[in-house]
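Here is the structure we will look at, set down as C-alpha cells.
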Amino acid sequence: AQQRVYVRLSELARTLNTLLDVEKILHAVVEFGLYGFSYERCVALLEDAAGDGAAYRVVAFDGYYDEADSRRIEALVLTGFEPALAPALADPGFVCHSGENGDADGQALGERLQLDEYFVFALPRKVGRPLGFIAAGNTRAQARYQTEVVADGEMRVAFSNLASQTATAINQVRSYRALERERELLDQMVAERTRELSDALDAAHEAVRVKAEFLAKVSHELRTPLNSIVNVPVALLDDYAEIQVFRCAPCDAEFRSDEGPGAETPTCPECGGPLTEELRRVCVGDQDEHFRFLGLLQQQGNHLLSLVEDVLDMSRLEAGRVELNLTEVDVGPLLDEIRVTLASAKQGADRCVNYPELAEPVRLLADRVKLKQILLNLIGNAIKFTGPGGEIRVSVERGTGVRPTVVFTVADDGIGIPEDQVEAIFESFHQVDGSHTRAFGGAGLGLAICRQLTEMHGGRITVASRLHEGSRFYVELP
C-alpha cells in the first residue's frame, strides 16, 4: 500500500507540473485523495482573495455527496483558527481524527467537514499562515471498508510530500500568473507609450507641416509688398531728370533751359544782370500717377509692417516676454479710436461697420494697447472676409455670469467658417484657406494673438459661425 501511494505521488507530481490553473491543481489533489488513499470524500480549501489566511473557502471537492451535502460543503468556510486545526499550522502540518477516540474539537470540525474520521494537512507557506488545507476521510458507514490505511507515521510522510508538491505547484502558477500580469502590464505600457510616441511623431510632423506652410505664407506675404516697395520706386525715379537752371541774383528771376550753357555768359532778359548756372533735379512725370504710386507704397508698407509686427508679437507671446500694463479702460473712447484708425487706413470703406452707442460708461481693468489690438484684429478680419456692401456689427454688453465681465461681440455676414475649422482658427499659423491662390492675405497669426492676449487678461474668446452665413466672435474679459 505504501509503495502504491508513493508511485501515485510521483505520478501526481508530474501531473501538477503541467497544470497552470490553481483550481485544476486542487481538483487533481482531491482526486488523488480519493483514489490514492481510497477515501470516501475529499475537500480542498484555499485562502480567500485577500491572501492573508483569515478565511479559507472550498475550491474543489469530490466523493460520495448527495445534493444537500454538496450545497453544504460548497458553502463551507474555515477561519483557520478552529482549535482542531492548531496542529496543522505547525510542522508537519497534519491532523488526524478518528470518530472512536477523537476529542470534541476534532469531532466539531468533522461535523463541518461531514466526516467521522479524517485527516487534514496544511499547504505550507514560507512565511505566514498556510495557503490552504486538504481534508479527506470517511463517514462512519464507510470507515469499516477502508483497506489501504497505512501507519500514522508513513501517512505523515506521504501527506507532507503531497502538501509540499501542491503548495509548490500553486506557488508556481501564481508566479506564472504574476509574470503574465507583469507582461500584460508591460505590453500595455509599451502599447500606450508607442501610441504616445506615434501621437508625438504625428504632432511633430504636423508642426513641421504647419511651420513649412507658415514659412510659405510669410514668404508669399512678404514678397507681395516688397515687390511693390522695390519696383514702384524704379518707375518713379524714371520720371525725374536733371536740368539746367539759370538764376539772376539782382532780380531773383529763374530760367530753365534744356540746351545747356552757351558759349558766352548769359544775361538776365529782365534786368540784364549776370545769371548763375546750376543743375536741378525735377519731376517730369504725371503727378496723378505719382500720387497713385505713393499711395500703393504706403498701403504695401503698412501691410508689411503689420505682418512683421504679428510675427514679432507671436514670438514674444510664445517666449512669455509679454507683460500687461493694466489700467482702467473706458470702452467708449477706445471704440472711437478704433473707428478713426480704420477710417484713416481706409480699410473697409465700402463696408458698413456699426459701432455701439453706449448709454452709460463701460469700464474694465485691462491693457489698453493690447485690448485695442484684439478688437482691431477682430474688426479687421470681419472687414476682410465680408464682401463689398456687407455689414459688420460691434457690440458691448455686461456679462450675465457669477463674476462681473464685459463681452465684446464682432459679428459679420461674410463668408463664414467651416464647422470642422472653427476651433482650429485660433491655432498659430493656421488659416482656413492655406493655398497661395487664396483670395485673402495674412499669415494666420491674428486670431492666435487675440486668444493669447485674451487669456492673459483672464478672459476667453469664442466664435460661432456657419459657412456662407457669417461669423460672430465673442471676447469676454473680467
Might you let me know whether the stretch 330-341 holds any residue that is over 30 Å from L237 (Cβ atoms), without any contact (Cβ under 8 Å) to a residue 12 or more places away in the chain and part of a loop (DSSP other than H, G, I, E, B)?
no
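Look at the stretch 397-424 and say how many of its residues are among the acidic types (D, E) and assigned to a loop (DSSP other than H, G, I, E, B).
The first filter runs over the stretch 397-424 and keeps only residues among the acidic types (D, E), leaving 397, 412-413, 419-420, 423.
Then keep just the ones that are assigned to a loop (DSSP other than H, G, I, E, B); that gives 413, 423.
So the answer is 2.
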Among (1) under 25 Å from F426 (Cα atoms); (2) surrounded by fewer than 19 Cβ atoms within 10 Å (Cβ to Cβ), which single condition is D330 missing?
(1)
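Each row is one residue, and each column tells you yes or no for (1) surrounded by 14 or more Cβ atoms within 10 Å (Cβ to Cβ); (2) touching a residue at least 60 places away in the same chain (Cβ under 8 Å).
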{"site": "E254", "(1), (2)": "no, no"}
{"site": "T276", "(1), (2)": "no, no"}
{"site": "G285", "(1), (2)": "yes, no"}
{"site": "D288", "(1), (2)": "no, no"}
{"site": "R292", "(1), (2)": "no, no"}
{"site": "Q298", "(1), (2)": "no, no"}
{"site": "L305", "(1), (2)": "no, no"}
{"site": "V311", "(1), (2)": "yes, yes"}
{"site": "R321", "(1), (2)": "no, no"}
Mind telling me which of the residues R181, R174, R193, R144 ends up being at pLDDT below 75, loosely packed, with under 15 Cβ neighbours inside 10 Å and not small (G, A, S)?
R144
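If you go through the stretch 220-232 one residue at a time, do you hit one that is polar (S, T, N, Q) and open to solvent by 80 Å² or more (accessible area, probe 1.4 Å)? Give the derivation first.
Going through the stretch 220-232, the residues polar (S, T, N, Q) turn out to be 224, 227-228, 231.
Now restrict to residues that are open to solvent by 80 Å² or more (accessible area, probe 1.4 Å): 231.
So far as the stretch 220-232 goes, yes, one or more of its residues are polar (S, T, N, Q) and open to solvent by 80 Å² or more (accessible area, probe 1.4 Å).
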Looking at the stretch 37-74, which of its residues are small (G, A, S) and over 24 Å from L89 (Cα atoms)?
S38, G63, A68, S70
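Residue-wise test of (1) surrounded by 15 or more Cβ atoms within 10 Å (Cβ to Cβ); (2) out of contact with any Pro (no Cβ under 6 Å at 6 or more places or on another chain); (3) at pLDDT 90 or above.
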position	(1), (2), (3)
C352	no, yes, no
A359	no, yes, no
R363	no, yes, yes
K372	yes, yes, yes
P388	no, yes, no
T400	no, yes, no
T405	yes, no, yes
T409	yes, yes, yes
Quick check on the stretch 30-62: of everything there that is open to solvent by 30 Å² or more (accessible area, probe 1.4 Å) and of a type in the set (G, A, S), which residue is nearest to V7 (Cα to Cα)?
S38
Taking A135, is it modelled with pLDDT under 80 and within 60 Å of the chain's Cα centre (by Cα)?
no
Given (1) open to solvent by less than 60 Å² (accessible area, probe 1.4 Å); (2) modelled with pLDDT under 90, S395 misses just (2)
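The values are calculated or read from the model by the stated rules, or taken from the named source; none is laboratory data. All values derive from a computational prediction rather than experimental measurement. So basically every Cβ, Gly included, is an ideal-geometry build from the backbone, and we count neighbours across all protein chains shown. Keep in mind that these areas ignore ligands, DNA and RNA; they rest on the heavy atoms of the full protein, side chains included. Shrake-Rupley method; radii C 1.70, N 1.55, O 1.52, S 1.80 Å.
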